[in-house]
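Presented below is the structure to which this report refers.
The values are calculated or read from the model by the stated rules, or taken from the named source; none is laboratory data. None of the values given here were measured: they were computed from a predicted structure. As a convention, Cβ positions derive from the backbone with ideal geometry for all residues, glycine included, and neighbour counts pool all protein chains shown.
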């Protein structure tokens, strides 16, 4: 029997069971359904809000001093292909290792990066325990010497200490630690250097024959497959008539915290 | 009409010692010289100690808790110079008297302050900044200004025309007359300056001589000599004599810290910085240790100065225990760092000075600086110059371009080589740290540089690629035929 004025409702089986068990009338059932719909919509809204909070961060979960991750700034190398492979250049505030065998072109690439940095107005430091920097060659490579602090420690230990002092001072956009052909043991100095670089946002570029900074280095570049280019000279070669044209090597990203490991570019270095 | 201000510190020996050691401030300090009490703090005088009367033994007998300190001429000289610096910071015409008081031309200084009272207050405040409790008097003459400073409220200004009225009630003893003259004047019934000023000067001179004439002039507020300005000292000097020799660095640095703090406070009066710091240490073996620290930029940062001092002392400690210490700060205008709008900020000048000092101590002299291209044809020549903070302007260099240049790593000094040649062409090379069969060779290129000097450079250069993987720049001395390697292409 249908009561006059009452709206027909669809009663599902469980509701029927519920009605049968509870003995509710049609009006009560209608109110119950409306409540359930409201609860369902509220639940959906709360779920959406929770998802939004998960994505943006909950206000209560934000701690004092915690900041949103800052995108890593880059120090351009000035070589378009290398900058593209490194997604903009060397990471600022991080340790970068550039390794390679003898005459692989580490110093030339280091000078090129230093030239790009000084050209951009950065003040740089070159830590040189082997006293190997040739100012004339660096000047010819484009390094602005007045913006370069040349530090010549007496050994590698002092060189690490000097690099730590320079990184701690701040203001040096690039600190080149040229370890030359002397290898370094795995010391705790790398941890300190890494922290100092991160604190002052200086880039530490380590030139060495082998990687020694380990996980403290955010980026490791390796120069492999070096090939020397010789060319027939126009005349000055009295014996052979051959000129040194330059070298070609493959620069591989051996390690990168930001991704991109395994990328490689061909690096050509030419004589003057 | 001239207006003169007098800046003085009562009991200068006591004040100077308290300035050097602030822990003495509230203690009954007695300063002695030749076993006599020459100055005493107010608390010591309250205990009955009489200056210039009691000996050290008598003073000890009067009060057992006295702090007896021998006179330190070095700290007194520093305090006197500090007082002169205070005066020079507000007036261009200053005269230093022998007893440490400083007279300055108040008429030329009041444009910096609202009034003569403001000038006096400013002088007192600035003296407090350098650790001295000074008193100031302003009057028409040096005598009036001095008596106003001594017997006024600390910032006493005697208006023009009111000098006689101010001086009249003062006792005669404030002019410190000789004992016989004072006795004669006492017999005359003259006890105050007003009584003496009313006497005819000629008659007093007839009876008491030059001393009497001087007293009458002073009682009338007139000077014998006008203000004679002297140029202020260029350097800021602070000194101390130690009670016992110091033979370790840390206590010495503690002493030097106080000297540097006081020197920096004096530099701050003129708003200048320290461009060079000189340290003179008197040693226990009667010798002196003199050193000068050149700072990269003028600074008043105490931490920077102390770090430079520490580095200098640790790198080359004094050879004997230290008994006296003098710090001399050479002032120079502080250069404001001009940051570029489009250039990244470089190292801060103050921190750069400390950094360079630490690097210099670590690496040794001449091993830290700017690389300099030497004007010579000799390959591998290098020099280093002092590093100065670079300007904000972008460097005017040739753009490096998108390519990369092969650079030579210098080997200093060149290493001798043993070269085996075949038909005048190197075929095998052996040397320290390198060696192998020659894979490819280019050269020779003849260089004849500095042929006019005693050490001419006549060489034949070769580029050699060896089987050890290296690419070397080698040369053969034309005179001796010896082979060397002076660079590695890298």
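Below are the figures for this structure:
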{"quantity": "Where residue B:488 falls short, out of the listed (1) modelled with pLDDT under 90; (2) within 55 Å of the chain's Cα centre (by Cα); (3) within 7 Å of chain A (Cβ to nearest Cβ)", "calculated": "(1)"}
{"quantity": "Residue ID - modelled with the highest pLDDT, chosen from residues in the stretch B:365-393 that are under 16 Å from residue A:159 (Cα atoms) and more than 7 Å from every other protein chain (Cβ to nearest Cβ)", "calculated": "B:366"}
{"quantity": "Extreme residue, modelled with the lowest pLDDT, among residues of the stretch B:417-449 that are within 17 Å of residue B:482 (Cβ to Cβ), exposed (fewer than 15 other Cβ atoms within 10 Å of the Cβ) and within 13 Å of chain A (Cβ to nearest Cβ)", "calculated": "B:424"}
{"quantity": "Output for the stretch A:99-143, where each listed residue is crowded, with 23+ Cβ neighbours inside 10 Å, more than 21 Å from residue A:270 (Cβ to Cβ) and within 7 Å of chain B (Cβ to nearest Cβ)", "calculated": "A:122, A:123"}
{"quantity": "Boolean, residue B:65 is over 29 Å from residue B:224 (Cβ atoms) and assigned to a loop (DSSP other than H, G, I, E, B)", "calculated": "yes"}
{"quantity": "Segments classed as strands (runs of 3 or more DSSP E), wholly inside the stretch B:381-490, with at least 3 members that are farther than 30 Å from residue B:297 by Cβ", "calculated": "B:408-422, B:425-431, B:434-449, B:457-466, B:471-477, B:483-489"}
{"quantity": "Scan of the stretch B:103-129 for residues that are closer than 16 Å to residue B:148 by Cα and in contact (Cβ under 8 Å) with a residue 12 or more places away in the chain, ordered by number", "calculated": "B:103, B:104, B:105, B:106, B:116, B:117, B:119, B:120, B:121, B:123, B:124"}
{"quantity": "Some residue of the stretch B:292-309 being over 11 Å from the mean Cα position of the chain (by Cα), over 26 Å from residue B:389 (Cα atoms) and either crowded, with 18+ Cβ neighbours inside 10 Å or without any contact (Cβ under 8 Å) to a residue 60 or more places away in the chain (or both)", "calculated": "no"}
{"quantity": "The stretch A:248-269, residues that are out of contact with any helix residue (DSSP H, G or I) (no Cβ under 9 Å at 6 or more places or on another chain), farther than 17 Å from residue A:210 by Cα and within 14 Å of chain B (Cβ to nearest Cβ)", "calculated": "A:248, A:268"}
{"quantity": "Residues of the stretch B:169-181 satisfying the condition of being out of contact with any helix residue (DSSP H, G or I) (no Cβ under 7 Å at 6 or more places or on another chain) and either over 18 Å from residue B:217 (Cβ atoms) or outside any loop (DSSP other than H, G, I, E, B) (or both)", "calculated": "B:171, B:173, B:179, B:180"}
{"quantity": "Set B:127, B:82, B:120: member being surrounded by 24 or more Cβ atoms within 10 Å (Cβ to Cβ) and more than 10 Å from residue B:7 (Cα to Cα)", "calculated": "B:82"}
{"quantity": "Some residue of the stretch A:46-69 being within 14 Å of chain B (Cβ to nearest Cβ) and at pLDDT 75 or above", "calculated": "no"}
{"quantity": "Unique match (being touching a helix residue (DSSP H, G or I) at 6+ places or on another chain (Cβ under 6 Å) and touching a residue at least 12 places away in the same chain (Cβ under 8 Å)) among B:234, B:219", "calculated": "B:219"}
